[in-house]
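Asker: Pasting a structure here, questions to come.
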């Protein structure tokens, strides 16, 4: 149920914010069936000005999700296929010769040609297949919101949102992202296989071929920027701050976890919780905003001590972290 209209913040009322966020989610789900929680979390990450890492097997709808999101917000969409021979300039762009100037040919003159990173929604497909240099170029752009080429800084579009993908089951020819780079993603999500009901719907409609091309924008970029501004104004009281810090401390003190949540991870969870409140039409956070997103925000920021379990899968890490978070009392 939509909430009752509340106080305005930066000119946008919570009820109106609820309508806009709901419109984006509903529009995505016209082409991306059966994964409502994933669609909501991607919208939360977008409003929080974060980025998402989708770790899943091929063919479950990662490209459809990214493309549907871009169409829903009337944004420019680019897909970058990461391969072993990809160069950083293939992502960021570079200088190209200028054939002629006003006074005739100009020797040694160049102009900047933007690369595919210059889009509102970028799908970095199979990011773990590229070299560390290419991964760093992408992650630097994500962190700074700019690209520097030949000593000149070029701002990326606003909004700018990256959905990176990787296949967790394939290791040949891949370069796994180190913890310091994983920490740059607001959330790591997994789509999973659809239920039989929704898979039948996919077979019937073929949404990537028939629904996606006809998907119209439901929110403009100006409205999206207003939503993102609103996120930073959502109330996050002292009790919730204490709860969040208790969660972070529990991850650092657990006997099995070698690496706990960083301060950046704490900031990321607060921002995600504020975005979730906006999606729900509130101008204040509640404990559920924090605890329901904690696993998605924290799981890729911690690691299991090799002596306490050896090489661990993502699900192993989530299981240990879930047990860790369960130790912390939720404020009333």
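Asker: Filter segment 19-60 down to the residues that are over 28 Å from residue 182 (Cα atoms), crowded, with 18+ Cβ neighbours inside 10 Å and at pLDDT 95 or above and list them by number.
Answerer: The answer is 20, 27.
Asker: A further question on this structure: Does segment 277-293 hold any residues that are touching a helix residue (DSSP H, G or I) at 6+ places or on another chain (Cβ under 8 Å), more than 21 Å from residue 20 (Cα to Cα) and not in a loop (DSSP other than H, G, I, E, B), and which are they?
Answerer: 287, 290, 291
Asker: Being assigned to a loop (DSSP other than H, G, I, E, B) and within 18 Å of residue 228 (Cβ to Cβ) is the filter here; which residues of segment 144-164 pass it?
Answerer: 145, 156, 157, 158, 159, 160
Asker: Give the residues of segment 233-254 that are in a loop (DSSP other than H, G, I, E, B) and touching a helix residue (DSSP H, G or I) at 6+ places or on another chain (Cβ under 7 Å), sorted by residue number.
Answerer: 234, 236, 254
Asker: Now for a different question. Can you tell me which residues in segment 303-320 are crowded, with 18+ Cβ neighbours inside 10 Å and either more than 22 Å from residue 178 (Cβ to Cβ) or modelled with pLDDT of 90 or more (or both)?
Answerer: none
Asker: Right, another one. Looking at residue 161 and the list (1) surrounded by 16 or more Cβ atoms within 10 Å (Cβ to Cβ); (2) over 21 Å from residue 118 (Cβ atoms), which single condition is not satisfied?
Answerer: (2)
Asker: Name, by its number, the condition in (1) at pLDDT 90 or above; (2) under 29 Å from residue 82 (Cα atoms); (3) surrounded by 14 or more Cβ atoms within 10 Å (Cβ to Cβ) that does not hold for residue 214.
Answerer: Just one mismatch for residue 214, condition (3).
Asker: Name the single residue that is farthest from the chain's Cα centre (by Cα) among those in segment 18-65 being touching a residue at least 24 places away in the same chain (Cβ under 8 Å) and at positive phi.
Answerer: 34
Asker: Could you check how many residues of segment 106-143 are touching a residue at least 24 places away in the same chain (Cβ under 8 Å), in a loop (DSSP other than H, G, I, E, B) and in contact with a strand residue (DSSP E or B) (Cβ under 9 Å, 6 or more places away or on another chain)? Full working, then the answer.
Answerer: Our first condition is that a residue be touching a residue at least 24 places away in the same chain (Cβ under 8 Å); within segment 106-143, this holds for 110, 112, 114-139, 141-143.
The next check asks that each one be in a loop (DSSP other than H, G, I, E, B); those that pass are 115-120, 126, 130-131.
Filter again for in contact with a strand residue (DSSP E or B) (Cβ under 9 Å, 6 or more places away or on another chain), leaving 115-120, 126, 130.
Count: 8.
The values are calculated or read from the model by the stated rules, or taken from the named source; none is laboratory data. All values derive from a computational prediction rather than experimental measurement. Virtual Cβ from ideal backbone geometry, glycine too; neighbours counted across all protein chains shown.
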